[in-house]
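Each remark here refers to the structure printed beneath this line.
The values are calculated or read from the model by the stated rules, or taken from the named source; none is laboratory data. As the structure is a computational prediction, the values presented were derived from the model and not from experiment. As a convention, Cβ positions derive from the backbone with ideal geometry for all residues, glycine included, and neighbour counts pool all protein chains shown. What goes into the accessible areas is simple: the full protein's heavy atoms, side chains included, and nothing from ligands, DNA or RNA. Shrake-Rupley method; radii C 1.70, N 1.55, O 1.52, S 1.80 Å.
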Amino acid sequence: ENEGKKIYHFEVGQPDFPTPENVVNAGIEALKKGLTRYTPARGIPPLLDAIEGSYKARGIDFDGSKNVIATPGAKMALFAGFMASIDSGDDVLLLAPAWPTYRVMIRSLNAKPVDVHTNGNYEIDEEKLKHKISRTVSALVINTPNNPTGGVLSKENMKLIYDLAEDHDFVVFSDEIYETLVYDGFKQTSMLEIDSTMERTLVINGFSKSYAMTGWRLGYAIGNEETISNMVRIQQNTTSCAASFTQYAGAKALTGDQSSIEQMVAEYQKRRDVITHLFNEIEGIACLNPKGAFYVFPNFVEYGLSSATLSELFLMKTGICTTPGVAFGDKYDSYLRFSYSASLEDIEEGIAVLVKFLPTIK
Ligand SMILES: Cc1ncc(COP(=O)(O)O)c(C=O)c1O
């Protein structure tokens, strides 16, 4: 790119839209008001209230002052949640393909990530899941809509997970960060609608994807009082708190005009339709049409190359940048993740370049 070559950025995991103006203004206002000090480790009351209010509007009730912690990004919510709930030697099930960060965090706590493979569009295979449950399993991580497939879990699948968690006494980490980015009228169920007591659920969410706020670093977790207060202790002694002005901006994001989400979703859906259509026109490539997030995960098995080799070849020979499937689990080494957080022109032009290049490696 520095040499002036065209690079098609299909590897990015962040929205290409700007943060909505009302949210930016709320952040600037907070800075101008001098709201630049440490905040309570749990988060500022207006943000915790706004999170409580946004779920109440969907019929999900909890106490924002007890059941929520705001963190610097969903990543920190996840890590503090894992630290508070997982012991060394535990097995943690990952509904795979799974975002690589889960694996890294779990291993860093001397626990073992164990993949449970889903079918196609992130659909649960009940027998496969049951087969992986053992006495050493203390948690299961789900991520719906899913990174990298864009697949979603149905309410029935989430209920099945909850029933198994109850029967076998494990915790469910439900990463719902892409929940607003859903298409074709699909409505994503939150695990909190199923486990209203929050006894064995920790929901992870954040502002990076829904409000295009990746650089602001703001996420949160919702769970039972005991887990959240342990997470508050971890945060107090690590990051202290999420940035103050960022938290004010986040409160505005949740309480202000939501039309920016609708606009982003409409645009993503258009791009998804185009990219899946283009992939499925290529002979030998299978690409599902997922209902959420901003990724597709086509299978290049016919080309007989590892995902790292394919990804490197695409980049070096065509300028198409992708994420190798193997990053999401060993079983996915014939897949590549394409993010459609890229303009329609880049999607159309980039896939046309790919179509020309593919016959040269077959
Ligand atoms: C599945 C998933 N969870 C969490 C995150 C992290 O979000 P944040 O920017 O809030 O840390 C990402 C970002 O790529 C993600 O894909």
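Of note:
- Residues located in the range 158-184, provided they are of a type in the set (Lys, Arg) and in contact (Cβ under 8 Å) with a residue 60 or more places away in the chain: none
- With a requirement of 3 or more residues that are within 15 Å of the ligand (Cβ to nearest atom), the helices (runs of 4 or more DSSP H) lying completely within the range 211-285 that satisfy it span 244-255.
- Options Asn110, Asn121; residue that is at positive phi and of a type in the set (S, T, N, Q): Asn110
- Residue in the range 279-291 that is among the aliphatic types (A, V, I, L, M) and within 30 Å of Ile51 (Cβ to Cβ) present: no
- Top-ranked residue in the range 198-211 [being open to solvent by 10 Å² or more (accessible area, probe 1.4 Å) and over 13 Å from the mean Cα position of the chain (by Cα); ranked as nearest to Asn67 (Cα to Cα)]: Glu199
- Just one of the listed residues (Glu21, Glu29, Glu11) is free of Cβ contacts under 8 Å to residues at least 60 places away in the same chain and out of contact with any Asp or Glu (no Cβ under 7 Å at 6 or more places or on another chain), namely Glu21.
- Subset tally (residues that are under 23 Å from Ala251 (Cα atoms) and in a strand (DSSP E or B)) for the range 198-210: 5
- Some residue of the range 9-17 being open to solvent by less than 20 Å² (accessible area, probe 1.4 Å) and either under 20 Å from Leu218 (Cβ atoms) or assigned to a helix (DSSP H, G or I) (or both): yes
- Subset of the range 33-48 that is assigned to a helix (DSSP H, G or I) and touching a residue at least 60 places away in the same chain (Cβ under 8 Å) - its residue that is surrounded by the most Cβ atoms within 10 Å (Cβ to Cβ): Leu47
- Options Leu336, Leu310, Leu288, Leu278; residue that is over 22 Å from Gly219 (Cβ atoms), surrounded by 18 or more Cβ atoms within 10 Å (Cβ to Cβ) and at pLDDT below 95: Leu288
- Meets criteria (more than 21 Å from Asp49 (Cβ to Cβ) and either out of contact with any helix residue (DSSP H, G or I) (no Cβ under 9 Å at 6 or more places or on another chain) or of a type in the set (Asp, Glu) (or both)) for Phe173: no
- Any hit, the range 186-197, residues being open to solvent by 30 Å² or more (accessible area, probe 1.4 Å), touching an Asp or Glu at 6+ places or on another chain (Cβ under 8 Å) and part of a loop (DSSP other than H, G, I, E, B): yes
- Among the residues of the range 282-304, the ones that are among the charged types (D, E, K, R) and either free of Cβ contacts under 8 Å to residues at least 12 places away in the same chain or touching a Cys at 6+ places or on another chain (Cβ under 8 Å) (or both) come to 1 in all.
- Residue count for the range 138-166 satisfying the condition of being more than 16 Å from the ligand (Cβ to nearest atom) and in a strand (DSSP E or B): 1.
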